[in-house]
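Just below is one structure, and these are the notes that go with it.
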Ligand code: AMP
Ligand code: MG
């Protein structure tokens, strides 16, 4: 791919640097690519209604062309142009969770090119809860396709530096708004299914949705790691969120988990490999070998979510060969964290027992 100069601009959403946002919007309207912060992860934006622009996203990321993009909007009125019908339950969910980390899937209108939806007749739509992101969406024409701004397969970017690592020289501009708030991608809810079905867990949980709209199903491949069924979200079938190192998750009682990670680490170090350990505040003091990173306190799933991808990238940066991670709680956003961690691990999980 031809190399271009990537402009990096700092933005502060409390001040809304409208001159920068206007320039970024012009790049998007002209069919260019701009990476920008959202509350979940950094997105790589292009005009969703311009097929050529959307195709550039696939090229820059090295993304398989059957993996559809999420269209980001800034105002509820915008949805009618891209979604054929918006059921009552979707309106209720939008009312409750937009702007926010929820993506909903609808039948698409003819305005949305197949190049944006990976050839599907449905379109995924989200309204991000980030002022600068919404200002940029408006400045860019109102419909911005934006997958995570990483090279396909790598951990999603939670800082502008992560975006630069992967996409410098391949996109027109990066808006640097600092570290994101949530750190894992949005919940994807298929509103064309009956009952509505979660295709990817995120910060908006099944419990939160069911309280509002009644029964919500969960795609089998999200719950059952060993399932061989094809995931309903095409993107979920790829190895994903993955560091260069081989990652293994260890579950069980805390003491057995720690003992097993110490044993595995010792083995790999004896063979001459570099080992990284993802520990928690409660356990970090017990590891004396390997590169040890504390991801946060057990039970603080939100902190763990916000640090996961950054830690995986740090291990890549120092050439770690094997990573062992403790398993975390599945409360709230914890189910999304464990979903991403297990995907990054290629579903490698060891039961250390004691539970
Ligand atoms: P990313 O934006 O990188 O988090 O990727 C978008 C995710 O949304 C991928 O897993 C896609 O497969 C999924 N997705 C986008 N559009 C659709 C759709 N129309 N139907 C099902 N899944 C979708
Ligand atoms: Mg992605």
Scanning segment 317-335 for residues that are crowded, with 18+ Cβ neighbours inside 10 Å, out of contact with any helix residue (DSSP H, G or I) (no Cβ under 7 Å at 6 or more places or on another chain) and part of a helix (DSSP H, G or I) gives 335
Here are some residues: 215, 164, 207. Which one is at pLDDT 95 or above, more than 18 Å from residue 87 (Cα to Cα), surrounded by fewer than 17 Cβ atoms within 10 Å (Cβ to Cβ) and out of contact with any helix residue (DSSP H, G or I) (no Cβ under 8 Å at 6 or more places or on another chain)?
207
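Every residue, every condition in (1) touching a residue at least 40 places away in the same chain (Cβ under 8 Å); (2) farther than 21 Å from residue 341 by Cβ; (3) surrounded by fewer than 15 Cβ atoms within 10 Å (Cβ to Cβ), yes or no:
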{"residue": "171", "(1), (2), (3)": "yes, yes, no"}
{"residue": "193", "(1), (2), (3)": "no, yes, no"}
{"residue": "211", "(1), (2), (3)": "no, yes, yes"}
{"residue": "219", "(1), (2), (3)": "no, no, no"}
{"residue": "233", "(1), (2), (3)": "yes, no, no"}
{"residue": "245", "(1), (2), (3)": "yes, no, no"}
{"residue": "260", "(1), (2), (3)": "yes, no, no"}
{"residue": "273", "(1), (2), (3)": "yes, no, no"}
So residue 185 ticks every box in (1) away from ligand 2 (no atom under 12 Å from the Cβ); (2) surrounded by 23 or more Cβ atoms within 10 Å (Cβ to Cβ); (3) part of a loop (DSSP other than H, G, I, E, B) but one. Which box is left unticked?
(1)
Hits in segment 9-28 (condition: in contact with a helix residue (DSSP H, G or I) (Cβ under 7 Å, 6 or more places away or on another chain) and part of a strand (DSSP E or B))
9
Looking for something in contact (Cβ under 8 Å) with a residue 12 or more places away in the chain and over 19 Å from residue 237 (Cα atoms) - is there at least one such residue anywhere in segment 64-71?
yes
Candidate set from segment 106-128 (those that are farther than 18 Å from residue 77 by Cβ and assigned to a loop (DSSP other than H, G, I, E, B)); member that is nearest to ligand 1 (Cβ to nearest atom):
120
Being within 12 Å of ligand 1 (Cβ to nearest atom), surrounded by fewer than 20 Cβ atoms within 10 Å (Cβ to Cβ) and not in a loop (DSSP other than H, G, I, E, B) is the filter here, so list the residues in segment 48-77 that pass it.
58
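Name the single residue that is surrounded by the fewest Cβ atoms within 10 Å (Cβ to Cβ) among those in segment 138-150 being part of a loop (DSSP other than H, G, I, E, B) and within 11 Å of ligand 1 (Cβ to nearest atom).
The qualifying residue surrounded by the fewest Cβ atoms within 10 Å (Cβ to Cβ) is 147.
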Residue that is in contact with a strand residue (DSSP E or B) (Cβ under 8 Å, 6 or more places away or on another chain), at negative phi and not in a helix (DSSP H, G or I), where the choices are 31, 45:
45
Just the residues that are under 14 Å from the mean Cα position of the chain (by Cα) and assigned to a loop (DSSP other than H, G, I, E, B), please, taken from segment 188-209.
201, 202, 203, 204
Would segment 210-228 turn up any residue that is under 27 Å from residue 146 (Cα atoms), within 16 Å of ligand 2 (Cβ to nearest atom) and assigned to a loop (DSSP other than H, G, I, E, B)?
no
Residue 86 vs. criteria over 18 Å from the mean Cα position of the chain (by Cα), surrounded by 14 or more Cβ atoms within 10 Å (Cβ to Cβ) and closer than 25 Å to residue 208 by Cβ:
yes
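The values are calculated or read from the model by the stated rules, or taken from the named source; none is laboratory data. In this text, all values refer to a predicted model and were calculated from it rather than measured experimentally. When we count neighbours, we look across all protein chains shown, and the Cβ atoms used for this are built from the backbone with ideal geometry, even at glycine.
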